[in-house]
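Visitor: Handing you a structure now.
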Amino acid sequence: MDWQGQKLAEQLMQILLLAFAVVSFGTGYVLGSFQMMMLIYAGGVVLTTLVTVPNWPFFNRHPLKWLDPSEAEKHPKPQQQQAVSSKKKPAKK
Amino acid sequence: MHSFGYRANALITLGVTVLALMCAMASLSDNLNSPTPSAQVQVLNVNWFQKQRNGNEEVSLTLNISADLQSMFTWNTKQVFVFLAAEYETPKNSLNQVSLWDGIIPSKEHAKFLIHTTNKYRFIDQGSNLQGKEFNLTLHWHVMPKTGKMFADKIVMTGYRLPEEYR
């Protein structure tokens, strides 16, 4: 699952759960049936689980594009070297 | 949210939290209901009235208990427990409560009833103060919800009197 997919999964989960909660509470209250509320909410949780927990293909539409290793070697990171040298100097003193 | 386990954990956590909220709201919705129960009790007969060997007086009554408790039932009510108590004052105790009858009402359909019965539990005084005693019959109830807060209330019926003589 890529970054965009993770964000989508979390938002889908929250929206679906809250929507099912509102719908089931409303239905249960109007019908006067506590059991109906529980059944609808349980169904909603199962559905939300099926939608957001497995790693579905639509969560992987924005894969990260890494550089080739050969391309990366041509452009070494300058920050890393500075960090290493600055750490070594106080150690010698 | 990067792995199966983390997503399942997040879903269960939010799911149970929302469920708790729904239950709290269901309990709060009970406050919108203002019950108007009614009850009448007739003492049809004093079957016998005597003093035990240890000096405590005991009475046996035949009662007609009719009540309409349907308005107590909401969508969040599991059952209602009712009991009828004889309440009176003696020099020793400012309030004596003797449970005479009780019942569990499992649903709204059973909440309107008329029961003809002798006292289910023995009506024994602590001592011998019952001759000619004026007493109240009080119908107490506890509304037991499916989730949340339990409610309790009572109806006091006054003006009952025991006979002066043993029989």
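Visitor: State the number of residues belonging to the stretch A:26-44 that are buried (at least 20 other Cβ atoms within 10 Å of the Cβ) and under 29 Å from residue B:7 (Cβ atoms).
Guide: Residues flagged as buried (at least 20 other Cβ atoms within 10 Å of the Cβ) and under 29 Å from residue B:7 (Cβ atoms) within the stretch A:26-44 amount to 4.
Visitor: Here is a follow-up. How many residues are within 7 Å of chain A (Cβ to nearest Cβ) and farther than 20 Å from residue B:144 by Cα when one looks only at the stretch B:13-31?
Guide: Count: 3.
Visitor: Looking only at the stretch A:5-43, which residues are within 14 Å of residue B:19 (Cα to Cα), within 21 Å of the chain's Cα centre (by Cα) and more than 9 Å from every other protein chain (Cβ to nearest Cβ)?
Guide: Matches in the stretch A:5-43: A:16, A:19.
Visitor: Would you be able to tell me the number of residues in the stretch B:13-67 that are touching a helix residue (DSSP H, G or I) at 6+ places or on another chain (Cβ under 8 Å) and either over 30 Å from residue B:160 (Cβ atoms) or assigned to a strand (DSSP E or B) (or both)?
Guide: Of the residues in the stretch B:13-67, 10 are touching a helix residue (DSSP H, G or I) at 6+ places or on another chain (Cβ under 8 Å) and either over 30 Å from residue B:160 (Cβ atoms) or assigned to a strand (DSSP E or B) (or both).
Quick grid of which residues meet (1) at pLDDT below 95; (2) exposed (fewer than 15 other Cβ atoms within 10 Å of the Cβ):
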{"residue": "B:72", "(1), (2)": "yes, no"}
{"residue": "B:76", "(1), (2)": "yes, no"}
{"residue": "B:81", "(1), (2)": "no, no"}
{"residue": "B:89", "(1), (2)": "yes, yes"}
{"residue": "B:92", "(1), (2)": "yes, yes"}
{"residue": "B:104", "(1), (2)": "no, yes"}
{"residue": "B:107", "(1), (2)": "yes, yes"}
{"residue": "B:111", "(1), (2)": "yes, no"}
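The values are calculated or read from the model by the stated rules, or taken from the named source; none is laboratory data. Everything numeric in this text was worked out from a predicted model, so none of it was measured. Because the Cβ atoms are built from the backbone with ideal geometry, glycine has one as well, and the counts that use them run over all protein chains shown.
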